[in-house]
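The values are calculated or read from the model by the stated rules, or taken from the named source; none is laboratory data. Computed from a predicted model, the values in this text were never measured in an experiment. We place every Cβ from the backbone using ideal geometry, glycine too, and count neighbours over all the protein chains shown.
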Amino acid sequence: MRVVDQPSAVRSLLLLSLLAAMAGGLHRDAAPVQRPLRHEAYVWQHRWGPAMASAIASRPGELSALRVLGLHWGADGGAPKATDVNLRALAAAGPITLVARIEGARLPTALTLGPLVTLAQRWRAAGVQVRGVEVDHDCATAALPAYTRWLRSQRPLVADALQVEVALAVTALPTWLDDPASVRALSASVDRVTLQVHTIAAPTIYDAESALAAARAWAGASDRPFWIALPTYRARLRHGDIVGVEPAAVAQTLQALRTAPIEGLRGAVWFRLGYSGDDDAWPAVTLAALIRGEDVRGEVLVSLRRAGPELWDIVAAAHGNAPGPVPALLRFDGRVTALQGANGCRGEGRGLRCPQELRIPVGQERVLGYVRGQEVRRGG
């Protein structure tokens, strides 16, 4: 038997106890483990066609659920209008949140979510997995207390009818952060909040720094988990201009969230799911690449395709995983005798000028016009 030096043994036990205590303290003080962000998408069409149903069936597998616009109230509070959806497509889509849009900055008088609950039950009867409802209302900050009281009064109606964990959800605006007390009260009155971090300062659709600042501020104002709504679209303004958001800008936000997660942020909801022929929303391949953290790039190559004797079509083809811009000005060398534009492009001397907003969908091509002549080729 080995004789152990007692003072040394005591010192060793004390050292082990101290290390264990330090480890326990470090464990308690360590930042909570951040779970990966979940991803969902809005389906925001008032009238569906076959392309929308097809887009839902072929949506990116990275999307865990969809939030579907189903009911729309005007600012006057009249009878709501139901969206013309394809229930068969929704029944095959998995979990669905039924969304109601309420116009105006203040709630119409005597409005109730009864029609929304009735619609949710009708969708369920058709096989749709309705897991809750969401209210989208751009409430004025001054009216938040009244909005919160209304939500609190409506929640039992929804919860009793649907019997789900996340019965009533709302969208929120960064401007509400001017009233932190109301933000906390509203967050506690519903089951889920989604903060809209796009179109914060119109007409700009998206600014990565402003979006992150809004999300961090919301996390500081409310102790409840929340989601953020991110854009995939461009908008056509009344005077004809088009504003949009490039995938790279949103990729910057996602990378920042991976590097420095925001506590309480559970996921991102993409506004909105595009469909074939919808040139104002990103295609599924772009959205999937962004969610996976892949490089998102789009390139348009322009070539001449013979269409007849001394006649060539000017063809733009998109490559990569994102819509690409068409060059603003295309020049042609050789003995050009005629030049005609198409798809918004117009002839300009020996060249073709195309609108800045023209994008070619991924994997597709567009004829930008034609050129007639001899020995025609792309110029510098």
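For the reader, a short list of remarks on this structure follows.
- Evaluated against (1) touching a Phe, Trp or Tyr at 6+ places or on another chain (Cβ under 7 Å); (2) among the β-branched types (Val, Ile, Thr); (3) under 18 Å from Ala143 (Cα atoms), Thr194 falls short on exactly one condition, (3).
- Some residue of the range 142-157 being under 15 Å from Arg67 (Cβ atoms) and either out of contact with any Ser or Thr (no Cβ under 7 Å at 6 or more places or on another chain) or of a type in the set (Asp, Glu) (or both): no
- Qualifying positions in the range 206-238 - of a type in the set (S, T, N, Q), farther than 22 Å from Ala284 by Cβ and part of a loop (DSSP other than H, G, I, E, B): Ser222
This table checks each residue for (1) more than 30 Å from Asp278 (Cα to Cα); (2) in contact with a strand residue (DSSP E or B) (Cβ under 8 Å, 6 or more places away or on another chain).
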residue	(1), (2)
His137	no, yes
Thr141	yes, no
Leu195	no, yes
Ala202	no, no
Asp241	no, no
Val245	no, yes
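- Residue in the range 59-78 that is loosely packed, with under 10 Cβ neighbours inside 10 Å, at pLDDT 95 or above, touching a helix residue (DSSP H, G or I) at 6+ places or on another chain (Cβ under 9 Å) and under 30 Å from Trp227 (Cα atoms) present: yes
- Lone qualifier among Tyr206, Tyr233 - being modelled with pLDDT of 95 or more and buried (at least 17 other Cβ atoms within 10 Å of the Cβ): Tyr206
- Within the range 117-135, the only residue that satisfies the criterion of being surrounded by 22 or more Cβ atoms within 10 Å (Cβ to Cβ) and more than 13 Å from Ile96 (Cβ to Cβ) is Val135.
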